[in-house]
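*Asks:* This is the structure, below, for whatever I ask next.
The values are calculated or read from the model by the stated rules, or taken from the named source; none is laboratory data. Predicted, not measured: the structure shown is a model, and the values here were computed from it. Glycine gets a Cβ as well: all are built from the backbone with ideal geometry, and neighbour counts include every protein chain shown. The area values use the complete protein model at the heavy-atom level, side chains included, leaving out ligands, DNA and RNA. Shrake-Rupley method; radii C 1.70, N 1.55, O 1.52, S 1.80 Å.
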Amino acid sequence: MKRKASLFLSAVIAIFVLSGCTTTENINTQDDRGQAVMGLDYRDFQNAAAEAVSDMLMSGAVDKPDGSRYVLAISRVVNDTMQRIDTDQLIKKIRVELLRSGKVVVTTAVGADGPEDAMSRQARELREDDEFNQGTVAKKGQMIAPELSLSGKIIQRNVRINSSKQQVEYYFQLTLTDINTGLAFWEGETVIGKRGSNRSVSW
Amino acid sequence: MKRISTLAPLAIVLLFLAGCVTQRYMDPRVQFIDTTLPRDIIVTSVNTRINDGGLLEMQLSARNDSYYDKNLEYRIEWLDNNGFEIKTITTKWNRVFVNRHSDFRVIQVGPSEAAADFRIQIRYAR
(Lines give C-alpha, C1' and ligand atoms only; values in the text may rest on other atoms or scores of the structure.)
Protein backbone atom coordinates (compact mmCIF):
# COMPACT_ATOMS: atom_id res chain seq x y z
CA MET A 1 0.00 0.00 0.00
CA LYS A 2 2.84 2.29 1.01
CA ARG A 3 4.72 1.45 -2.20
CA LYS A 4 1.66 2.19 -4.31
CA ALA A 5 1.22 5.59 -2.68
CA SER A 6 4.86 6.52 -3.24
CA LEU A 7 4.62 5.45 -6.88
CA PHE A 8 1.52 7.57 -7.33
CA LEU A 9 3.20 10.52 -5.67
CA SER A 10 6.24 10.16 -7.96
CA ALA A 11 3.97 10.06 -11.00
CA VAL A 12 2.16 13.22 -9.89
CA ILE A 13 5.48 15.02 -9.33
CA ALA A 14 6.76 13.87 -12.74
CA ILE A 15 3.62 15.17 -14.47
CA PHE A 16 3.99 18.52 -12.72
CA VAL A 17 7.66 18.77 -13.70
CA LEU A 18 7.01 17.77 -17.31
CA SER A 19 4.07 20.11 -17.70
CA GLY A 20 6.32 22.88 -16.41
CA CYS A 21 8.87 22.08 -19.15
CA THR A 22 6.46 22.58 -22.03
CA THR A 23 6.22 26.35 -21.90
CA THR A 24 4.83 28.46 -24.71
CA GLU A 25 6.71 31.58 -25.66
CA ASN A 26 5.84 34.53 -27.79
CA ILE A 27 8.01 35.17 -30.83
CA ASN A 28 9.88 38.44 -31.02
CA THR A 29 9.19 39.14 -34.67
CA GLN A 30 11.69 42.03 -34.69
CA ASP A 31 14.62 39.79 -33.76
CA ASP A 32 13.59 36.16 -33.95
CA ARG A 33 16.50 33.92 -33.04
CA GLY A 34 14.42 30.77 -33.27
CA GLN A 35 15.60 27.83 -35.30
CA ALA A 36 14.88 27.87 -39.03
CA VAL A 37 12.25 25.46 -40.33
CA MET A 38 12.27 23.56 -43.63
CA GLY A 39 8.93 24.96 -44.66
CA LEU A 40 8.25 28.63 -45.33
CA ASP A 41 7.65 30.76 -42.25
CA TYR A 42 6.89 34.44 -41.69
CA ARG A 43 10.59 35.34 -41.77
CA ASP A 44 10.90 34.03 -45.32
CA PHE A 45 7.91 36.04 -46.52
CA GLN A 46 9.25 39.12 -44.75
CA ASN A 47 12.68 38.71 -46.36
CA ALA A 48 11.24 38.09 -49.82
CA ALA A 49 8.85 41.06 -49.58
CA ALA A 50 11.53 43.43 -48.23
CA GLU A 51 13.96 42.44 -50.95
CA ALA A 52 11.34 42.85 -53.68
CA VAL A 53 10.24 46.28 -52.47
CA SER A 54 13.80 47.59 -52.03
CA ASP A 55 14.72 46.37 -55.49
CA MET A 56 11.57 47.89 -56.99
CA LEU A 57 12.19 51.28 -55.36
CA MET A 58 15.86 51.28 -56.28
CA SER A 59 15.18 50.35 -59.90
CA GLY A 60 12.96 53.38 -60.46
CA ALA A 61 10.24 51.16 -61.94
CA VAL A 62 7.59 52.78 -59.73
CA ASP A 63 8.74 56.37 -60.35
CA LYS A 64 6.00 57.93 -62.46
CA PRO A 65 7.46 60.58 -64.77
CA ASP A 66 4.95 63.26 -63.64
CA GLY A 67 5.66 62.54 -59.96
CA SER A 68 2.18 61.19 -59.20
CA ARG A 69 1.35 57.67 -58.00
CA TYR A 70 0.88 54.61 -60.19
CA VAL A 71 -2.34 52.63 -59.80
CA LEU A 72 -1.47 48.97 -59.27
CA ALA A 73 -3.69 45.93 -59.70
CA ILE A 74 -2.77 42.64 -58.08
CA SER A 75 -2.81 39.87 -60.65
CA ARG A 76 -2.35 36.16 -60.10
CA VAL A 77 0.39 34.90 -57.79
CA VAL A 78 0.75 31.16 -58.25
CA ASN A 79 1.70 28.91 -55.36
CA ASP A 80 3.76 26.16 -57.00
CA THR A 81 5.08 24.73 -53.76
CA MET A 82 4.12 21.61 -51.85
CA GLN A 83 2.78 23.78 -49.04
CA ARG A 84 -0.57 25.32 -48.55
CA ILE A 85 0.26 29.00 -48.78
CA ASP A 86 -1.96 32.03 -48.95
CA THR A 87 0.06 34.16 -51.35
CA ASP A 88 -1.30 37.25 -49.59
CA GLN A 89 1.31 36.54 -46.92
CA LEU A 90 3.80 37.83 -49.47
CA ILE A 91 1.71 40.23 -51.54
CA LYS A 92 0.12 42.10 -48.63
CA LYS A 93 3.52 43.05 -47.26
CA ILE A 94 4.58 44.34 -50.68
CA ARG A 95 1.33 46.28 -51.11
CA VAL A 96 1.59 47.93 -47.71
CA GLU A 97 5.17 48.93 -48.30
CA LEU A 98 4.52 50.27 -51.81
CA LEU A 99 1.56 52.28 -50.51
CA ARG A 100 3.74 53.73 -47.73
CA SER A 101 6.39 54.64 -50.29
CA GLY A 102 3.95 57.16 -51.76
CA LYS A 103 4.71 55.91 -55.26
CA VAL A 104 1.94 53.38 -55.76
CA VAL A 105 -1.72 53.04 -54.84
CA VAL A 106 -3.44 49.65 -55.19
CA THR A 107 -6.89 49.24 -56.67
CA THR A 108 -9.18 46.73 -54.99
CA ALA A 109 -11.83 47.15 -57.70
CA VAL A 110 -9.95 45.13 -60.32
CA GLY A 111 -8.20 41.80 -59.89
CA ALA A 112 -7.27 38.69 -61.84
CA ASP A 113 -10.03 36.70 -60.09
CA GLY A 114 -12.51 39.54 -59.90
CA PRO A 115 -12.46 42.57 -57.62
CA GLU A 116 -10.87 42.11 -54.22
CA ASP A 117 -13.51 44.35 -52.72
CA ALA A 118 -16.87 43.90 -54.43
CA MET A 119 -18.34 46.87 -52.55
CA SER A 120 -17.10 49.42 -55.11
CA ARG A 121 -19.48 47.86 -57.64
CA GLN A 122 -22.28 47.00 -55.25
CA ALA A 123 -22.43 50.54 -53.91
CA ARG A 124 -23.13 51.70 -57.46
CA GLU A 125 -26.29 49.64 -57.50
CA LEU A 126 -27.71 52.26 -55.15
CA ARG A 127 -28.18 54.58 -58.11
CA GLU A 128 -31.84 55.26 -58.71
CA ASP A 129 -32.63 53.98 -55.18
CA ASP A 130 -34.86 56.63 -53.62
CA GLU A 131 -33.86 55.51 -50.12
CA PHE A 132 -30.36 56.92 -50.65
CA ASN A 133 -29.32 60.50 -51.06
CA GLN A 134 -28.16 60.34 -54.68
CA GLY A 135 -25.61 63.05 -54.02
CA THR A 136 -23.71 60.57 -51.82
CA VAL A 137 -23.77 57.68 -54.30
CA ALA A 138 -20.60 57.10 -56.35
CA LYS A 139 -20.80 58.86 -59.68
CA LYS A 140 -20.14 57.30 -63.05
CA GLY A 141 -16.63 57.44 -64.42
CA GLN A 142 -14.95 57.92 -61.04
CA MET A 143 -13.03 54.66 -60.78
CA ILE A 144 -9.38 54.73 -61.76
CA ALA A 145 -8.14 51.98 -64.04
CA PRO A 146 -4.90 50.25 -63.12
CA GLU A 147 -1.70 51.15 -64.91
CA LEU A 148 0.53 48.44 -63.46
CA SER A 149 -0.05 44.81 -62.63
CA LEU A 150 1.86 42.68 -60.13
CA SER A 151 2.01 38.96 -60.81
CA GLY A 152 4.24 36.18 -59.62
CA LYS A 153 5.00 32.64 -58.68
CA ILE A 154 6.43 30.83 -55.67
CA ILE A 155 8.34 27.71 -56.68
CA GLN A 156 9.69 24.91 -54.50
CA ARG A 157 12.45 22.49 -55.45
CA ASN A 158 13.59 19.64 -53.23
CA VAL A 159 17.11 18.31 -53.75
CA ARG A 160 18.33 15.17 -51.98
CA ILE A 161 21.90 15.61 -50.71
CA ASN A 162 22.38 12.16 -49.19
CA SER A 163 20.38 9.55 -47.34
CA SER A 164 19.90 11.80 -44.32
CA LYS A 165 20.02 15.34 -45.71
CA GLN A 166 17.96 17.33 -48.14
CA GLN A 167 17.97 20.83 -49.56
CA VAL A 168 14.80 22.78 -50.19
CA GLU A 169 14.91 25.79 -52.48
CA TYR A 170 12.16 28.37 -52.68
CA TYR A 171 11.99 30.89 -55.51
CA PHE A 172 9.86 34.01 -55.10
CA GLN A 173 9.41 35.40 -58.62
CA LEU A 174 7.58 38.67 -59.20
CA THR A 175 6.82 40.74 -62.27
CA LEU A 176 5.54 44.30 -62.55
CA THR A 177 3.84 44.81 -65.91
CA ASP A 178 2.84 48.06 -67.58
CA ILE A 179 -0.77 47.27 -68.51
CA ASN A 180 -0.82 49.80 -71.37
CA THR A 181 2.08 48.25 -73.25
CA GLY A 182 2.22 44.77 -71.72
CA LEU A 183 5.91 45.28 -71.00
CA ALA A 184 7.50 44.12 -67.77
CA PHE A 185 8.86 47.25 -66.04
CA TRP A 186 10.47 45.26 -63.25
CA GLU A 187 11.20 41.62 -62.48
CA GLY A 188 12.68 40.18 -59.35
CA GLU A 189 13.58 36.86 -57.84
CA THR A 190 14.45 36.03 -54.24
CA VAL A 191 15.88 32.61 -53.52
CA ILE A 192 15.58 31.13 -50.04
CA GLY A 193 17.42 27.88 -49.44
CA LYS A 194 17.21 25.52 -46.50
CA ARG A 195 19.25 22.45 -45.72
CA GLY A 196 18.23 19.93 -43.11
CA SER A 197 17.23 16.45 -42.17
CA ASN A 198 15.32 14.26 -44.59
CA ARG A 199 12.88 13.67 -41.78
CA SER A 200 11.82 17.31 -41.80
CA VAL A 201 8.83 17.79 -44.01
CA SER A 202 8.54 20.76 -46.32
CA TRP A 203 4.90 20.37 -47.27
CA MET B 1 74.43 66.16 -23.04
CA LYS B 2 74.45 62.44 -22.57
CA ARG B 3 70.82 62.67 -21.48
CA ILE B 4 69.88 64.30 -24.80
CA SER B 5 71.48 61.47 -26.73
CA THR B 6 69.42 58.88 -24.82
CA LEU B 7 66.19 60.88 -25.16
CA ALA B 8 66.54 61.47 -28.89
CA PRO B 9 66.05 57.81 -29.98
CA LEU B 10 63.09 57.55 -27.59
CA ALA B 11 61.51 60.63 -29.14
CA ILE B 12 62.07 59.21 -32.61
CA VAL B 13 60.43 55.90 -31.61
CA LEU B 14 57.45 57.75 -30.12
CA LEU B 15 57.04 59.86 -33.23
CA PHE B 16 57.23 56.72 -35.40
CA LEU B 17 54.60 54.96 -33.32
CA ALA B 18 52.33 57.98 -33.44
CA GLY B 19 52.58 57.89 -37.21
CA CYS B 20 51.46 54.26 -37.20
CA VAL B 21 48.25 55.02 -35.35
CA THR B 22 45.95 55.82 -38.26
CA GLN B 23 42.80 57.81 -37.58
CA ARG B 24 39.78 55.52 -38.04
CA TYR B 25 36.75 56.68 -39.93
CA MET B 26 33.95 57.36 -37.47
CA ASP B 27 30.35 58.04 -38.41
CA PRO B 28 27.62 58.67 -35.82
CA ARG B 29 25.16 56.90 -38.08
CA VAL B 30 27.04 53.59 -37.72
CA GLN B 31 26.64 51.65 -34.48
CA PHE B 32 28.36 48.39 -33.58
CA ILE B 33 26.27 46.27 -31.22
CA ASP B 34 29.08 43.90 -30.27
CA THR B 35 31.90 45.82 -28.65
CA THR B 36 34.66 43.63 -30.13
CA LEU B 37 33.38 44.13 -33.67
CA PRO B 38 35.03 47.51 -34.40
CA ARG B 39 38.44 45.86 -33.93
CA ASP B 40 37.88 43.74 -37.04
CA ILE B 41 35.37 45.67 -39.11
CA ILE B 42 36.71 48.97 -40.36
CA VAL B 43 34.17 51.37 -41.85
CA THR B 44 35.86 53.19 -44.70
CA SER B 45 33.04 55.45 -45.88
CA VAL B 46 29.31 56.15 -45.69
CA ASN B 47 27.82 57.76 -48.78
CA THR B 48 24.33 59.03 -49.46
CA ARG B 49 22.49 60.37 -52.47
CA ILE B 50 18.97 61.23 -53.55
CA ASN B 51 18.01 59.03 -56.49
CA ASP B 52 15.92 60.06 -59.51
CA GLY B 53 12.75 59.05 -57.66
CA GLY B 54 13.54 61.40 -54.77
CA LEU B 55 14.48 58.56 -52.37
CA LEU B 56 17.50 58.64 -50.08
CA GLU B 57 20.04 55.94 -50.87
CA MET B 58 22.88 54.95 -48.55
CA GLN B 59 26.03 52.97 -49.08
CA LEU B 60 28.30 51.79 -46.29
CA SER B 61 31.75 50.62 -47.36
CA ALA B 62 33.74 48.59 -44.86
CA ARG B 63 36.53 46.05 -44.58
CA ASN B 64 36.92 42.85 -42.62
CA ASP B 65 40.47 43.36 -41.37
CA SER B 66 40.62 40.12 -39.38
CA TYR B 67 42.14 36.75 -40.24
CA TYR B 68 38.71 35.11 -40.18
CA ASP B 69 35.62 35.14 -42.36
CA LYS B 70 32.72 36.84 -40.63
CA ASN B 71 28.98 36.30 -40.61
CA LEU B 72 27.48 39.67 -39.80
CA GLU B 73 24.02 41.15 -39.54
CA TYR B 74 22.98 44.74 -40.17
CA ARG B 75 19.78 46.68 -39.62
CA ILE B 76 18.92 50.10 -40.99
CA GLU B 77 16.47 52.48 -39.34
CA TRP B 78 15.16 55.30 -41.51
CA LEU B 79 14.40 58.65 -39.91
CA ASP B 80 12.31 61.54 -41.13
CA ASN B 81 13.21 65.24 -40.96
CA ASN B 82 12.20 65.40 -37.31
CA GLY B 83 14.24 62.35 -36.31
CA PHE B 84 11.20 60.08 -36.05
CA GLU B 85 11.63 56.50 -37.20
CA ILE B 86 9.77 55.53 -40.36
CA LYS B 87 8.02 52.18 -40.12
CA THR B 88 9.10 49.82 -42.88
CA ILE B 89 9.49 46.08 -43.42
CA THR B 90 13.02 46.71 -44.68
CA THR B 91 14.10 47.60 -41.12
CA LYS B 92 15.10 44.08 -40.14
CA TRP B 93 18.30 42.16 -39.47
CA ASN B 94 19.92 41.22 -42.76
CA ARG B 95 22.78 38.77 -43.06
CA VAL B 96 26.02 39.51 -44.84
CA PHE B 97 28.95 37.14 -45.21
CA VAL B 98 32.37 38.77 -45.41
CA ASN B 99 35.59 37.01 -46.34
CA ARG B 100 38.70 37.73 -44.31
CA HIS B 101 40.73 40.74 -45.43
CA SER B 102 37.95 41.74 -47.80
CA ASP B 103 35.94 44.85 -48.52
CA PHE B 104 32.16 44.76 -48.51
CA ARG B 105 29.30 47.16 -49.09
CA VAL B 106 25.79 47.59 -47.78
CA ILE B 107 23.44 49.48 -50.09
CA GLN B 108 19.86 50.35 -49.22
CA VAL B 109 17.16 52.73 -50.35
CA GLY B 110 14.84 54.70 -48.08
CA PRO B 111 11.23 53.52 -47.90
CA SER B 112 9.75 56.86 -48.96
CA GLU B 113 10.64 60.45 -49.73
CA ALA B 114 10.10 61.21 -46.02
CA ALA B 115 13.35 59.38 -45.20
CA ALA B 116 15.94 62.09 -44.54
CA ASP B 117 18.49 60.21 -42.43
CA PHE B 118 19.32 56.72 -41.21
CA ARG B 119 21.09 54.71 -38.53
CA ILE B 120 22.80 51.41 -39.28
CA GLN B 121 23.47 48.83 -36.59
CA ILE B 122 25.96 46.00 -37.13
CA ARG B 123 26.43 42.87 -35.03
CA TYR B 124 27.72 39.31 -35.27
CA ALA B 125 25.15 36.97 -36.84
CA ARG B 126 23.13 35.25 -34.12
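*Asks:* Taking the criterion of being over 28 Å from A:GLN46 (Cβ atoms), out of contact with any Pro (no Cβ under 9 Å at 6 or more places or on another chain) and in contact (Cβ under 8 Å) with a residue 24 or more places away in the chain, would at least one residue in the range A:124-140 satisfy it?
*Replies:* No.
*Asks:* Which of the residues that make up the range A:94-130 are assigned to a strand (DSSP E or B) and open to solvent by 60 Å² or more (accessible area, probe 1.4 Å)?
*Replies:* Passing the criteria: only A:VAL110.
*Asks:* Quick test of your reading of the structure: A:GLY114 fulfils all but one of (1) in contact (Cβ under 8 Å) with a residue 24 or more places away in the chain; (2) more than 14 Å from chain B (Cβ to nearest Cβ); (3) at positive phi. Name the failing condition by number.
*Replies:* All conditions pass for A:GLY114, except number (1).
*Asks:* Being open to solvent by 80 Å² or more (accessible area, probe 1.4 Å) and modelled with pLDDT of 95 or more: is that true of A:ILE144 here?
*Replies:* For A:ILE144, the condition - open to solvent by 80 Å² or more (accessible area, probe 1.4 Å) and modelled with pLDDT of 95 or more - is met.
*Asks:* Output yes when any residue across the range B:67-86 is of a type outside the set (D, E, K, R), within 11 Å of chain A (Cβ to nearest Cβ) and free of Cβ contacts under 8 Å to residues at least 40 places away in the same chain, and no when none is.
*Replies:* yes
*Asks:* Of all residues in the range B:106-126, how many are away from chain A (no Cβ under 14 Å), surrounded by fewer than 19 Cβ atoms within 10 Å (Cβ to Cβ) and within 15 Å of the chain's Cα centre (by Cα)?
*Replies:* 1
*Asks:* Here's something else I'd like to know. If you take the residues of the range A:68-94 that are hydroxyl-bearing (Ser, Thr, Tyr) and within 14 Å of chain B (Cβ to nearest Cβ), which of them is nearest to A:ALA145 (Cα to Cα)?
*Replies:* Checking each candidate, the answer is A:TYR70.
*Asks:* If you take the residues of the range A:95-109 that are free of Cβ contacts under 8 Å to residues at least 12 places away in the same chain and over 15 Å from A:LYS64 (Cα atoms), which of them is nearest to the other protein chains (Cβ to nearest Cβ)?
*Replies:* Per the stated criteria, the residue is A:ARG100.
*Asks:* Tell me the residue from B:ARG63, B:ARG49 that is under 18 Å from the mean Cα position of the chain (by Cα) and open to solvent by 80 Å² or more (accessible area, probe 1.4 Å), please.
*Replies:* Only one candidate passes the filter, namely B:ARG49.
*Asks:* Do we find a residue being under 16 Å from the mean Cα position of the chain (by Cα), among the basic types (Lys, Arg) and at pLDDT 95 or above anywhere in the range B:71-91?
*Replies:* The answer is yes; a qualifying residue exists.
*Asks:* Also, quick follow-up: Taking into account only those residues within the range A:70-93 that are free of Cβ contacts under 8 Å to residues at least 24 places away in the same chain and more than 16 Å from A:THR107 (Cα to Cα), which is least open to solvent (accessible area, probe 1.4 Å)?
*Replies:* Applying the filter and picking the extreme gives A:ASP86.
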